[in-house]
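The values are calculated or read from the model by the stated rules, or taken from the named source; none is laboratory data. None of these values were measured; they are calculated from a predicted model. FYI the Cβ positions are ideal-geometry reconstructions off the backbone, even for glycines, and counts take in every protein chain you see. Protein only, heavy atoms only, side chains kept; ligands, DNA and RNA dropped before computing areas. Shrake-Rupley method; radii C 1.70, N 1.55, O 1.52, S 1.80 Å.
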Amino acid sequence: MSKVNPIIAILGFSLETNGFSPPSTRADFEQSYLLRGGELEADIRSQHPRANGTLPGFVHEMDATGDWAMAPLVVAATSPGGPAEQAFFDEFLADVASRLRAALPVDGIYISEHGAAATTGDTDPDGTLFELVRKIAGPEVPVVATLDLHANVSQRMVDTTDVLISYLTNPHVDQRERGAEAARAMREILGGVRTAKALVRIPLMPPSVTLLTGVGENEAAILNGTLSRPYGELIRAGQRHVEPAAGPASVLNVSINAGFFLTDSPKAGMTVVVTTRGDQAAADVLARDLAQRAWDERDRFAPKLVPMEQAVGRVLHACHDPAARPVCLADVADNPGGGGRGNTTDLLRALIEAGASDVALAAFNDAALAAEAHRLGVGARFTAVFNRAESHPLSARLSASAQVIALSDGCIVGRRGSAQGRSITLGPTARVRLTGLEGSESNASIDIVVISIRQQCTDPAIPEHLGIDLAKLRGFVVKSRGHFRAGFSEFYDDAQIIEVDAPGLSTPVLARLPYRHLPHPIFPIDPETRWRAPD
């Protein structure tokens with residue numbers, strides 16, 4: 001093992017699985033992110049990489065802390081969706097195995113993972129990947145992995161890595177920092193540090209709308225106690241124990257993963273993973289204490305959604321009263337970042353029927369409609385048929401009088417929040433203005449950003465690159481759960497954001513979901529659940 005000029009293999013698999021969505025296919029990964037070898041390294045090192053921020057964060061910190069050589073293997077990532085097709089995942093594993101064996105000997109391995117994956121044949125593909133990597137590399141090669149804080153963490157994932165490092169912020173604005181932390185941990189382990197790890201699973205499955213942390217949104221209000229963010233408080237409590245390279249018994253990392261409530265996984269439940277520099281007892285005690293605190297505060301993780309009729313009324317009030325503050329409606333149940341299709345029409349229909357004006361929606365996933373707008377050209381008036389090519393029962397058709405306002409190729413660079421500085425690919429994109437439902441009179445004026453590649457709207461560059469001036473809108477509808485808060489915080493504070501109770505595949509109302517694989521008992525599905533952290 002070389003400590004002077006180590007060779008570090010890099011790989012990763014990223015899919016936040018919604019167990020109620022259609023399967024994620026090879027084409028989904030190819031369209032989003034599937035890079036190998038030199039192409040992977042070139043993207044990570046580019047000025048505006050498409051890669052998850054943990055990858056450039058790791059690479060840049062390794063560059064800054066000494067000599068090293070990269071062995072880029074393969075990274076596959078796509079937008080949250082249904083379980084990955086097993087055949088594709090099997091081929092991915094075979095590719096990883098072949099490339100890793102060809103790269104041997106390596107001195108370390110870095111895995112950029114999401115951690116909430118499932119496939120059509122495997123409930124713990126993240127653990128399967130980690131186990132494969134460990135088996136090929138052997139027990140002495142350091143393996144460091146980063147995870148989304150919505151990861152469903154298994155004991156196998158902990159056992160087959162030296163340290164797991166999860167995001168600390170939601171919205172996720174610290175991906176680069178966590179990649180850099182992984183690089184520093186890699187340097188420590190290469191330098192001789194041996195880790196001790198403890199995992200405690202809590203029978204608590206909070207919906208994602210309750211998991212904001214404050215950092216990246218209304219941070220000042222969180223920190224001064226005027227706005228409640230229980231998950232953020234818990235994470236910060238854990239971070240108070242983390243120490244920079246210090247004594248051999250000090251805490252290297254604390255990762256508190258809420259899990260992803262939509263995966264429908266036997267691994268469901270919030271987890272606490274504590275990694276120390278060799279002190280197993282200290283890891284056990286801290287993991288137990290933090291887990292007990294999370295359980296004791298379980299009632300704070302309850303969603304507070306606003307009925308759709310009331311939310312539309314708030315928009316109309318802003319439209320009619322110039323003194324009223326503009327509002328942002330979060331269509332959280334149709335969040336592509338949680339496996340939603342990004343194309344439900346219930347909220348849109350209600351706004352049109354109510355005659356809302358000076359309102360925009362971003363982004364609606366409908367490749368067929370975007371293609372039609374491009375064929376017709378800017379200025380064309382037509383009947384826009386939403387979901388013409390969609391078969392899912394929650395994605396109802398809607399026909400409206402429309403005009404093409406602007407067109408783009410959908411290639412932009414994010415400017416704020418989790419997408420800042422990253423290349424975003426929306427596919428052929430159109431700004432379409434709706435004035436009424438087909439065959440009915442209306443004074444509505446609603447601009448829709450129609451995209452061709454499904455993803456949530458996290459960055460203001462998405463509407464802005466088509467000429468939408470967010471500062472002049474009276475209402476804005478975003479198909480996102482929470483990451484938009486970091487991107488749009490310059491326009492909307494917490495009081496202006498309304499999380500709407502509308503239909504969709506990513507609904508945070510757990511009682512509406514047909515779970516099949518959850519471990520029981522688990523709160524809040526089983527409200528009488530009793531639990532204490534293990535001694």
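Miscellaneous remarks
- Residue match in the stretch 140-161 (condition: crowded, with 24+ Cβ neighbours inside 10 Å, among the β-branched types (Val, Ile, Thr) and assigned to a strand (DSSP E or B)): yes
- Taken over the stretch 329-354, residues that are open to solvent by less than 10 Å² (accessible area, probe 1.4 Å) and within 20 Å of His317 (Cβ to Cβ) amount to 7.
- Residues (under 19 Å from Glu188 (Cα atoms) and without any contact (Cβ under 8 Å) to a residue 12 or more places away in the chain) located in the stretch 228-245: Glu243, Pro244
- The stretch 474-493 - residue that is surrounded by fewer than 20 Cβ atoms within 10 Å (Cβ to Cβ) and within 16 Å of Ala318 (Cβ to Cβ) and, of those, modelled with the lowest pLDDT: Asp493
- Checking each residue in the stretch 34-57 for being buried (at least 16 other Cβ atoms within 10 Å of the Cβ), closer than 20 Å to Asp174 by Cβ and of a type outside the set (A, V, I, L, M) picks out Pro49, Arg50, Asn52, Gly53, Thr54, Pro56, Gly57.
- In the stretch 507-519, the residues that are open to solvent by 40 Å² or more (accessible area, probe 1.4 Å) reach residues that are among the β-branched types (Val, Ile, Thr) with C-beta atoms within less than 9 angstrom, at least six apart or across chains, in these pairs: Ala511/Ile525; Tyr515/Ile525; His517/Thr123; His517/Thr263.
- Yes/no for Asp284 being over 17 Å from Met205 (Cβ atoms) and of a type in the set (D, E, K, R): yes
- Single residue of Gly19, Gly12 found to be in a strand (DSSP E or B), closer than 23 Å to Thr123 by Cβ and at pLDDT 95 or above: Gly12
- Only one of the numbered conditions (1) surrounded by fewer than 19 Cβ atoms within 10 Å (Cβ to Cβ); (2) over 24 Å from Ser506 (Cβ atoms); (3) of a type outside the set (Asp, Glu) is not met by His392, and that is (2).
- Residues of the stretch 98-139 that are in a helix (DSSP H, G or I), within 28 Å of Gly82 (Cβ to Cβ), open to solvent by 10 Å² or more (accessible area, probe 1.4 Å) and of a type in the set (Gly, Ala, Ser): Ser98 alone.
- Test: residue in the stretch 58-76 that is more than 22 Å from Arg187 (Cβ to Cβ) and surrounded by 17 or more Cβ atoms within 10 Å (Cβ to Cβ): yes
- Lone unmet requirement of (1) open to solvent by 30 Å² or more (accessible area, probe 1.4 Å); (2) touching a strand residue (DSSP E or B) at 6+ places or on another chain (Cβ under 8 Å) for Ile412: (1)
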